[in-house]
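Have a look at the structure below before the remarks.
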Amino acid sequence: QVQLIESGGGSVRPGGSLRLSCTVSGINFSLQSMAWFRQAPGKEREFVAFIGTDTNDMGYGDDVKLRFSISRDDTKNTLSLQMSSLKPEDTAVYYCALKKSGQWRASRYVATGYSDWGQGTQVTVSS
């Protein structure tokens, strides 16, 4: 019954910005930890950013630190990812994901730690 739908992807030049959104239904969103992952052709799905039910609990992948910002709006059941200073290597399909409960803390950094996924939205960074 859980559904996640991403939006906001597109094509931008290097150095540009883009904001992704994910709307969540079928679950009490305010009680769920969430994350963004991305996957480029020929590569494994890569952790991008995590946010817990307490918004002070956040984390980022090494390649996106200081450039990306994750946030949530529990009144709108929405997860967001603000991306700045985009690079060609950021090109990928971006997915939002619902965290499994009752897992070790380290599971937040791997795809197997998540139970539900959106369809993904394409981000392309090129000159």
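Tell me, please, whether a residue that is part of a loop (DSSP other than H, G, I, E, B), farther than 14 Å from Glu6 by Cβ and open to solvent by 60 Å² or more (accessible area, probe 1.4 Å) can be found in segment 106-116.
Looking for residues that are part of a loop (DSSP other than H, G, I, E, B), farther than 14 Å from Glu6 by Cβ and open to solvent by 60 Å² or more (accessible area, probe 1.4 Å), one finds at least one in segment 106-116, hence yes.
Of the numbered conditions (1) under 21 Å from Gln119 (Cα atoms); (2) open to solvent by 10 Å² or more (accessible area, probe 1.4 Å); (3) not aromatic (Phe, Trp, Tyr), Ala35 fails exactly one; give the number of that condition.
Checking Ala35 against (1) under 21 Å from Gln119 (Cα atoms); (2) open to solvent by 10 Å² or more (accessible area, probe 1.4 Å); (3) not aromatic (Phe, Trp, Tyr), the one that fails is (2).
Could you grab me the full set of residues in segment 61-92 that are in a strand (DSSP E or B) and buried (at least 18 other Cβ atoms within 10 Å of the Cβ)?
If the condition is that a residue be in a strand (DSSP E or B) and buried (at least 18 other Cβ atoms within 10 Å of the Cβ), then Phe68, Ile70, Arg72, Leu79, Ser80, Leu81, Met83, Ala92 are the ones that fit.
Looking at (1) open to solvent by 80 Å² or more (accessible area, probe 1.4 Å); (2) outside any loop (DSSP other than H, G, I, E, B), find the lone condition where Gln103 falls short.
(2)
Taking the conditions exactly as written (touching a Pro at 6+ places or on another chain (Cβ under 9 Å), on the phi > 0 side of the Ramachandran plot and hydroxyl-bearing (Ser, Thr, Tyr)), does Ser126 satisfy them or not?
So Ser126 fails the test.
Looking only at residues in segment 15-32 that are open to solvent by 60 Å² or more (accessible area, probe 1.4 Å) and either among the polar types (S, T, N, Q) or not in a strand (DSSP E or B) (or both), which one is nearest to Trp104 (Cα to Cα)?
Leu31
Filter segment 1-14 for residues that are open to solvent by less than 30 Å² (accessible area, probe 1.4 Å) and out of contact with any Phe, Trp or Tyr (no Cβ under 9 Å at 6 or more places or on another chain) and give the result.
Result: Gly10, Val12.
The values are calculated or read from the model by the stated rules, or taken from the named source; none is laboratory data. Remember, predicted model here, so these are calculated numbers, not experimental data. Cβ sites come from the backbone with ideal geometry, for glycine too, and all protein chains shown count toward neighbours. All accessible areas refer to the heavy atoms of the entire protein, side chains included, with ligands and DNA or RNA removed. Shrake-Rupley method; radii C 1.70, N 1.55, O 1.52, S 1.80 Å.
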